[in-house]
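Readers should treat all values here as calculations from the given coordinates under stated rules, not as data from a laboratory. Remember, predicted model here, so these are calculated numbers, not experimental data. Quick reminder, even Gly has a Cβ in these numbers, built from the backbone with ideal geometry, and neighbours come from all protein chains shown.
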Amino acid sequence: MMKRHLVMMLCLIAMAASMNAQSISGKLVDEKNEPLAYANIVLQQTDSTFVNGQTSDEKGGFRFSKVSAGDYRLVISSLGYQTMYVDLQGFSRSANLGTLTIEEASQKLDEVTVTASNMISTADKRMVFPNKKQVNASNNGVDLLRNLMIPRIQVNPIGNTIGTNDGGSIVLCINGRKASQNEVTALQPSEIIRVEVVEDPGARYDDADIMVNYVLRRYDMGGSFGFNGTQSLKTLFGRQNANGKLNFGKSEFSFYYNTEHVISEEMWSERNEVFAFEDGRTYHRSVTTDPHGEKNIHHNGRITYNLQDGNKYMLNISAGFRNLNSPNKLEEGKLLTEEYSNIVTNRRNWSHNRNTTPYMDVYFQKNLKNKQFIAFNAVGTYINTYNRSSYQEFLNNENIVDYSSAVKGKKYSLIAEAIYEKGFKNGGKLTTGISHTQSYTNNTYLGTLQYHTRMNQAYTGGYAQYKGKLGKLNYMISMAASRLWFKQGGEDEEEWSFNPRFSLSHTFNKQWSASLSGNIGTMNPSLSQLSDVDQLTDSLQIKRGNPDLKPYYSNNASFRLNYNKGKVNVGFYTNYNHRNNPIMTHVYRENDKFIHSYANHDRFQKLSVGMNVRVGMLWDMLQLSGGISNNSYWSHGLDYYHQINSLGVELQAALMYKNLTLQALYHKNADHFYGEMLSTGEEIHIFSAQYRIKKVNVGLMLINPFSKEYKREENYINQYAGNKYRYNIDDTACAIWATLSWNVSFGRDYKSKSKRMSNSDSDSGVM
């Protein structure tokens with residue numbers, strides 16, 4: 001009996017030690033991407049004190065187990081190769097360094113450094129390894145990204161959105177495949193091994209400026225379950241997410257479901273309009289609404305089956321849905337005119353919008369001999385839209401304007417894509433791909449104006465891309481070609497486009513690196529922009545698409561200069577965008593009506609210049625980040641010219657002490673301008689506190705404590721129908737939100753394979 005208890009105790013001690021043990025692992029390759037076997041790897045403290053040592057195996061792999069938290073350095077050396085130093089500061093969680101390329105001795109070493117949050121930085125890529133404190137302070141994948149404070153990445157906790165502080169586009173990925181933000185929100189922080197940030201990811205991701213890839217651990221036998229939610233204590237605003245996965249050998253079953261209820265109890269707006277008629281008359285009108293409520297309810301869900309046989313092949317089958325519902329939105333208010341100040345017109349605007357989207361996603365990939373890879377993806381989507389609205393004006397209790405409309409829309413689409421990759425001994429990689437999208441839209445418009453439209457659209461595109469290296473210079477060149485076909489009624493249109501792309505990156509030394517990139521992208525009109533259906537807005541205005549719209553070219557150039565030293569990361573950037581014949585809003589007069597439509601205008605330009613700084617962790621518990629940017633816009637329309645400048649500021653601080661996390665955030669985003677629409681940049685103040693109790697995180701957020709009201713403004717600078725619009729939402733001013741998350745995982749780790757592509761369709765084709 002005594003022996004049995006002793007054995008059980010020893011087993012428990014061993015299990016506890018195993019659970020607390022951290023590891024450092026990776027794979028070494030040479031410049032030809034061949035495994036570097038029997039290289040010497042020494043693990044030492046930052047003061048050069050020896051901790052452990054080993055040699056890489058025949059496949060170039062290495063692994064240090066049972067590593068305590070602290071600051072370390074890896075020294076990697078091999079005969080005929082440059083010595084590589086990898087610093088890990090603030091190490092507190094197992095880190096898989098991925099593939100490290102060791103350069104020949106004839107070349108000067110480009111050192112890489114893993115800083116406080118375990119970040120490996122090169123000229124064109126960052127790999128961030130979340131430490132234990134950052135994981136414990138995070139409720140989901142989006143929250144973790146905010147806590148990592150990666151330069152250029154901006155996370156808004158109010159809208160739970162991910163973007164860039166310089167206005168660039170971003171694409172999210174999970175294990176290499178494109179993913180929605182809902183999928184990222186469903187991720188458990190403890191399952192995220194690292195986050196990869198790639199500047200200018202290439203033709204596969206269209207015109208994206210940044211790719212953020214979450215690399216997850218997978219379980220051989222086991223799984224995970226989790227819940228996280230945010231709820232306002234002032235109103236019925238909240239987000240809830242549930243997720244889970246189960247693994248059985250080669251098979252994995254997973255699901256996620258999230259819902260968002262944006263329910264405002266008190267909001268109001270005011271709009272000042274100026275109309276200039278063809279006969280020289282000017283008409284001034286102000287529209288105000290009484291305080292009212294509004295509901296926006298979103299539901300998203302997805303189930304996935306994944307079959308994977310090591311590095312041989314992977315089959316991924318998913319089925320999901322998206323549901324957006326904005327029921328019974330009612331605005332009542334007053335309409336006043338400067339010319340007839342003694343006349344007050346009562347107005348009533350009602351709408352009910354619903355959109356349901358089920359979809360099916362099938363993906364297959366297989367590794368071939370001689371460093372070859374193929375993958376296929378097919379996505380079928382059905383979008384069902386039902387929108388209803390009415391607009392009424394009353395004068396002396398008499399109905400003088402009464403419009404109603406309803407749109408029943410159905411869209412069917414199929415997206416198919418295939419890619420092929422070939423690696424070469426010199427380290428280069430050739431990637432080619434082809435994709436085709438076929439869609440059919442059937443819309444019925446009811447009410448005051450009645451129409452029935454059918455639209456067909458087909459898009460076919462292909463690209464070839466090569467990545468290589470010349471000395472210390474990394475480069476990428478690609479060329480893409482596409483065909484767009486559109487048919488509405490008895491007429492059809494066909495457009496071809498060709499889009500080159502390049503990027504150069506250079507690491508000067510341990511601290512400094514720079515990159516230059518450029519591309520010519522093609523921007524295609526949406527189905528709703530091409531629709532020639534009239535929709536009545538009010539007694540003076542009509543909304544109408546333009547079937548004569550043409551695709552246009554968007555020319556982009558970016559330059560970045562990065563400095564990394566220890567716990568400090570500083571980035572300088574400038575981005576320039578020039579659009580030829582861009583599709584922008586267009587207003588013209590027709591029979592004393594003002595038609596709001598679209599047109600191919602002359603040109604549009606944007607120049608962004610900025611700097612961002614990241615510091616941490618100081619004293620192993622404090623992170624700081626900040627940034628400043630200036631955006632300059634030049635809009636050359638068919639009958640207008642506008643120039644706008646705007647400044648943006650971002651400050652963030654996080655204190656992580658044991659199980660307590662305190663954060664402060666300030667965003668003053670730069671104003672956004674396009675065409676003739678100027679939108680005021682959002683300004684937010686957030687203070688939050690969060691405490692972790694085992695597997696549970698509980699917290700509070702104070703939103704905009706210094707504001708009596710939350711407001712947004714838009715200024716439409718048009719000579720025929722200009723207006724200034726302002727809306728107020730009382731519920732997001734001086735509000736308190738509660739957060740709760742619970743995550744648990746179990747089982748043995750299994751090496752996860754990356755899915756290279758994923759597609760989706762969200763364009764309903766309804767105006």
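The stretch between HIS642 and SER77 holds 197.5 nm of extra length on full extension. This uses 0.36 nm per residue minus the Cα-Cα distance. Ordering SER341, MET701, THR282 by Cα displacement along the dipole of the chain toward the positive end leaves MET701 in first place; charges were set at the Cβ atoms of Lys, Arg (+1) and Asp, Glu (-1).
How high is the FRET efficiency between GLN511 and ASN52 when r is their beta carbon distance and R₀ equals 30 Å, given to the nearest 0.05? The computed FRET efficiency comes out at 0.60. If the segment from ALA37 to ASN311 were pulled out straight at 0.36 nm per residue, it would be longer than the present Cα-Cα gap by 96.6 nm. Just to confirm my numbers, what's the Cα centroid distance between region 608-622 and region 215-249 in Å? So the two Cα centres are separated by 29 Å. Apply the a/c threshold of 1.5 to the C-alpha gyration tensor of region 534-585 and tell me whether it is rounded, prolate or oblate. Verdict is prolate for region 534-585. Give the residues of region 582-604 whose amide nitrogen is closer than 16 Å to a point set 7 Å from the Cα of TYR553 in the direction of its Cβ. Under 16 Å, as judged by backbone N against the label point of TYR553, lie 582-583, 601-604 of region 582-604.
Each residue of region 438-505 gets 107 Å³ once the volume of the Cα convex hull is shared out per residue. About its Cα centre, region 222-750 has a charge dipole of approximately 3340 debye under the convention of +1 per Lys or Arg Cβ and -1 per Asp or Glu Cβ, with nothing else charged. Using R0 = 56 Å, the C-beta based FRET efficiency linking LYS234 and VAL613 works out to 0.95.
Report summary: the helix-based calculation at 222 nm, which adds -39500 (n - 2.57) for every DSSP H run with n ≥ 4 and divides by the residues of the chain, gives -1500 deg cm²/dmol. The label-point distance for LYS250 and LYS66, in a model that sets each label 7 Å from Cα toward Cβ, rounds to 3.6 nm.
With the cut-off at 1.5 for a/c, could you classify region 467-537 from its C-alpha gyration tensor as rounded, prolate or oblate? The partial results should precede the final answer.
Working: a/c = 8.16, a/b = 2.71, b/c = 3.01.
In terms of gyration-tensor shape, oblate.
Taking a spot 7 Å from the Cα of TYR666 along the direction of its beta carbon, which residues of region 722-743 have an amide N less than 19 Å from it? The answer is 733-735, whose backbone nitrogens lie closer than 19 Å to the label point. Stretching ASN323 away from HIS352 to a fully extended chain increases their span by 9.1 nm, per 0.36 nm per residue minus the current alpha-carbon distance. Here the label points at ARG454 and LEU395, each 7 Å from Cα along the C-beta direction, are separated by 4.4 nm in the simple model. With a ≥ b ≥ c taken as the square roots of the eigenvalues of the C-alpha gyration tensor of region 441-586, please select rounded if a/c is under 1.5 and otherwise prolate if a/b is larger than b/c or oblate if it is not? Here region 441-586 falls in the prolate category. Once the Cα atoms are used to define both axes, helix 2-20 deviates from the longest principal axis of the chain by about 50 degrees. Once the Cβ-Cβ distance of ASN442 and MET523 is raised to the sixth power relative to R0 = 22 Å, the FRET efficiency obtained is 0.30.
Give me the net charge of VAL262's neighbourhood, meaning all other residues with Cβ under 11 Å from the Cβ of VAL262; Lys, Arg count +1, Asp, Glu -1. Local net charge: -1. Ranking of SER251, SER190 by neighbouring Cβ atoms within 10 Å, starting from the fewest: SER251, SER190.
For a label point 7 angstrom out from the Cα of GLU491 toward its Cβ, which stretches of region 566-604 have the backbone nitrogen within less than 17 Å? Output list for this probe position: 597-600. Net charge in the neighbourhood of GLN719 (other residues with Cβ under 11 Å of its Cβ; Lys, Arg +1, Asp, Glu -1) is -1. For region 588-605 and region 681-704, what is the separation of their C-alpha centers, rounded to whole Å? Spelled out, the Cα-based centre of one part sits 44 Å from the other.
Set the Cα radius of gyration of the chain against 2.2 N^0.38 Å, with N its number of residues, and you get 1.02.
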